[in-house]
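The values are calculated or read from the model by the stated rules, or taken from the named source; none is laboratory data. Bear in mind that the values here come from a model prediction, so they are computed numbers and not experimental data. Please note: Cβ atoms are built from the backbone with ideal geometry, for glycine as well, and neighbour counts cover all protein chains shown. Accessible surface areas use protein heavy atoms only, side chains included; no ligands, DNA or RNA. Shrake-Rupley method; radii C 1.70, N 1.55, O 1.52, S 1.80 Å.
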There are 2 protein chains.
Amino acid sequence: MNTINAKFPKKSFNESIMEYNDEKIILLGHGSGGELTHQLIQNIFRKFLTDTSLDESHDSVSINLNLGSEYTAIMSTDSFVVKPLFFSGGDIGKLSVIGTINDIAMSGAEPIYLSVAFIIEEGFKITDLEKIVKSIADEATKNNVRVVCGDTKVVERGHGDGLYINTTGIGRVLQSKKILPKNIEPGDFIYVSGDVGRHGMAIMSEREHLDFKSQIISDCQSLWPLIYELQQNKIELHCLRDLSRGGLMTSLVELAETSECNMQIIEDQIPISEPVRSACEILGLDPLYVANEGTCTVIVPESQVLQIKKNQAFLNLKLIGRVLDKVKEKEKAKVFLKTLYGVERRMFRLMGDQLPRIC
Amino acid sequence: MNTINAKFPKKSFNESIMEYNDEKIILLGHGSGGELTHQLIQNIFRKFLTDTSLDESHDSVSINLNLGSEYTAIMSTDSFVVKPLFFSGGDIGKLSVIGTINDIAMSGAEPIYLSVAFIIEEGFKITDLEKIVKSIADEATKNNVRVVCGDTKVVERGHGDGLYINTTGIGRVLQSKKILPKNIEPGDFIYVSGDVGRHGMAIMSEREHLDFKSQIISDCQSLWPLIYELQQNKIELHCLRDLSRGGLMTSLVELAETSECNMQIIEDQIPISEPVRSACEILGLDPLYVANEGTCTVIVPESQVLQIKKNQAFLNLKLIGRVLDKVKEKEKAKVFLKTLYGVERRMFRLMGDQLPRIC
């Protein structure tokens, strides 16, 4: 059976590449599911990702959701294709954990479990992979989220842009806390949790090697602590939405259309840092459409406004607008921006793509 | 505010491309999270994927697991980078549903929920995307699995090989049914659920435009009906493993090492179809290392063998070997193949990658 022996020479070939190259790189064989995949998992992934579920070495894992009858499970998925992979304030690893944690948190849910799947380009530096896996592990630990399953595929050189990551998250939420766009009501108040546009502009400056006076650092961070705090303080939440791709305005248009309520936003109330504002002006970009990775809108009934105002924990929440009336049948809900010049402009979703590959 | 108006010309530019091209293609803007993403979701994804969870238009969805105290949840993730995207017996859409369903089923669990995340290359034909999304929807419906959340990213031309898909699945299993490699015991019997090597060789023939006399059709199919039937018939299952990347032998080596039990496999008992055998001989490949996408090993205690034998539903299960003794401390478990010539050969994991990009 020549065919059985035929594969053996490959081993020494692959291994000699690995040994004689000073810089160890990903080979196609790392995605074969065979010996090299096994080594990659043992030497890189398991070095940092240490959840007991991974010890089972099985095709799927059991997850204990501790769901009493009062809880419901929450699921969300996101792929990350950010370019460059390392940027000011994070890397694709941190981003892939935070992105999905935040999507789960937007249902008012506690993020608990994550799957992580890698699509790696042949030739990718193993030292870079190691940094990214470490970053995933650190961010998961910091946020008390367990990475319970994973997958690795390798694509040929020139076909994958280094690394793409998918994370899918599972969380849990009290069934009584339905936080959904449909809950938005006329008269609700609209907040943002911080200044907008930082993530997109951090990526952009990195990519274009722009040297702004003050470096712009991505806002990449978990929103769960804020949402947890709001819930602990019994603030009634109608809707939450993180302002990722498409930025603040695209998110608001989505929410307006889903809830069928018009909205009014006051431009000079929207927090934008000076470096982001200048960078956007130079590049001709609108900060209201630039992506964020740790900033959300919080929409609450009027009755909650005083409580939010008097609580030091919510100092960063800025009131930027209100929900107007419900639309008439078959009409599309509109978002109006009261501009710095006092005129009202109707806002739309982001058209085209002003900044591709930001997450 | 020039910056606000600056994005509008892009709309007509993008739209004119869309209108004047006979063949509609994916643009970078389809991944922006803005208007084009919205259109893609409404016109393509939602046309076929119709789960009510998707109506919520939210960052994450609630999933009702109906987990009484006797059930536990099961999670698995897999990315699919198969090349070509369409092959005999399926396409990347069907594969991405089946692959994750099978991983869930290998814990003896019923697959219930799926997330689907697309990484699409700019320029990808929308008609092809439509076929693939339809295929996902059809396969999910057929297998009674709900696609509850999704994500779309677009990468520049030349960076993504058409389409990559990640699916993550959630299932549920009776807590009493722990099906794990660690449960494998000396004396257990090892079955395969069908003939091996079909998926890998179907991809290979498609890729290399090989014209074998009889076309090889991928075994891509759900294994849950078989596992369900085994459980309904109260067959005690020690372990299940689908024979995907790395094929039969790599899976057995993994299981042997995890369970710390040696195994013996009888080569002439392993079912291999004639077309697969010939194709492998021509190409110098070993069918025992070629990937499958709808074939698994079933490992059971000896007490179950008669029940399996006398049940018509399990006619396709072929007995191929046995579990030998537990290894002594710190030894690595070995898999021995009793070859057609009567000699025993120690088998290893697949080295290198005889067939990259098969799933």
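In region A:214-236, what residues are closer than 30 Å to A:Ala202 by Cα and either part of a loop (DSSP other than H, G, I, E, B) or among the charged types (D, E, K, R) (or both)? Spell out how you get there, then give the answer.
We begin by selecting, within region A:214-236, every residue closer than 30 Å to A:Ala202 by Cα; these are A:214-230.
A:Ser214, A:Gln215, A:Ile216, A:Ile217, A:Ser218, A:Asp219, A:Cys220, A:Gln221, A:Ser222, A:Leu223, A:Glu229 - these are the residues of region A:214-236 that are closer than 30 Å to A:Ala202 by Cα and either part of a loop (DSSP other than H, G, I, E, B) or among the charged types (D, E, K, R) (or both).
Among the numbered conditions (1) under 26 Å from A:Ser115 (Cα atoms); (2) more than 14 Å from chain A (Cβ to nearest Cβ), tell me where B:Ser176 comes up short.
(2)
Hey, does region A:279-293 have a residue that's without any contact (Cβ under 8 Å) to a residue 60 or more places away in the chain, more than 27 Å from A:Lys330 (Cβ to Cβ) and among the acidic types (Asp, Glu)?
Yes: one or more hits.
If you check B:Leu85, B:Leu67, which single one turns out to be assigned by TED's automatic domain parsing to the domain that holds B:Ile104 and closer than 27 Å to B:Gly200 by Cα?
B:Leu85
Kindly indicate the residue of region B:73-131 that is more than 12 Å from chain A (Cβ to nearest Cβ) and polar (S, T, N, Q) and also nearest to B:Ile217 (Cα to Cα) among those meeting that condition.
In this case the residue turns out to be B:Ser88.
Among the residues of region A:259-279, is there at least one that is modelled with pLDDT of 95 or more, assigned to a helix (DSSP H, G or I), under 30 Å from A:Val327 (Cα atoms) and open to solvent by 40 Å² or more (accessible area, probe 1.4 Å)?
yes
Looking only at region B:148-173, filter to residues that are part of a loop (DSSP other than H, G, I, E, B) and open to solvent by 20 Å² or more (accessible area, probe 1.4 Å); which one of those is farthest from the other protein chains (Cβ to nearest Cβ)? Steps first, please.
Going through region B:148-173, the residues part of a loop (DSSP other than H, G, I, E, B) turn out to be B:156-162.
Remaining after also requiring open to solvent by 20 Å² or more (accessible area, probe 1.4 Å): B:156-159, B:161.
Values: B:Glu156: 7, B:Arg157: 11, B:Gly158: 7, B:His159: 5, B:Asp161: 5 Å.
Among them, the one singled out is B:Arg157.
Looking at B:Asp268, B:Asp211 in this structure, which one is over 18 Å from the mean Cα position of the chain (by Cα) and without any contact (Cβ under 8 Å) to a residue 60 or more places away in the chain?
Numbers: B:Asp268 fails: without any contact (Cβ under 8 Å) to a residue 60 or more places away in the chain.
One residue alone meets the criteria, B:Asp211.
Answer yes if at least one residue in region A:257-268 is closer than 21 Å to A:Met351 by Cβ and either in the same structural domain as A:Gly99 (by TED's automatic domain parsing) or aliphatic (A, V, I, L, M) (or both), and no otherwise.
The answer is yes; a qualifying residue exists.
If B:Asp161 passes every condition in (1) at pLDDT below 95; (2) assigned by TED's automatic domain parsing to the domain that holds B:Gln269 but one, which one does it miss?
So B:Asp161 meets the others, but not (2).
Please find, within region B:272-300, the residue that is nearest to the chain's Cα centre (by Cα) out of those that are more than 13 Å from chain A (Cβ to nearest Cβ) and farther than 17 Å from B:Ser244 by Cβ.
Selected residue: B:Ser273.
Cβ-Cβ under 8 Å, sequence separation 6+ or interchain: first residue in region B:250-261 and within 9 Å of chain A (Cβ to nearest Cβ), partner part of a helix (DSSP H, G or I). Which pairs?
From region B:250-261, the pairs are B:Thr250/B:Tyr289; B:Glu254/A:His38; B:Glu254/B:Pro181; B:Leu255/B:Pro181; B:Thr258/B:Pro181; B:Thr258/B:Lys182.
Tell me, which strands (runs of 3 or more DSSP E) lie completely within region A:301-359 with 3 or more residues that are of a type outside the set (Phe, Trp, Tyr), in contact with a strand residue (DSSP E or B) (Cβ under 9 Å, 6 or more places away or on another chain) and within 14 Å of chain B (Cβ to nearest Cβ)?
Hits in region A:301-359: A:335-338, A:344-347.
Within region A:243-258, can one find any residue that is in contact with a helix residue (DSSP H, G or I) (Cβ under 9 Å, 6 or more places away or on another chain), surrounded by fewer than 24 Cβ atoms within 10 Å (Cβ to Cβ) and outside any helix (DSSP H, G or I)?
no
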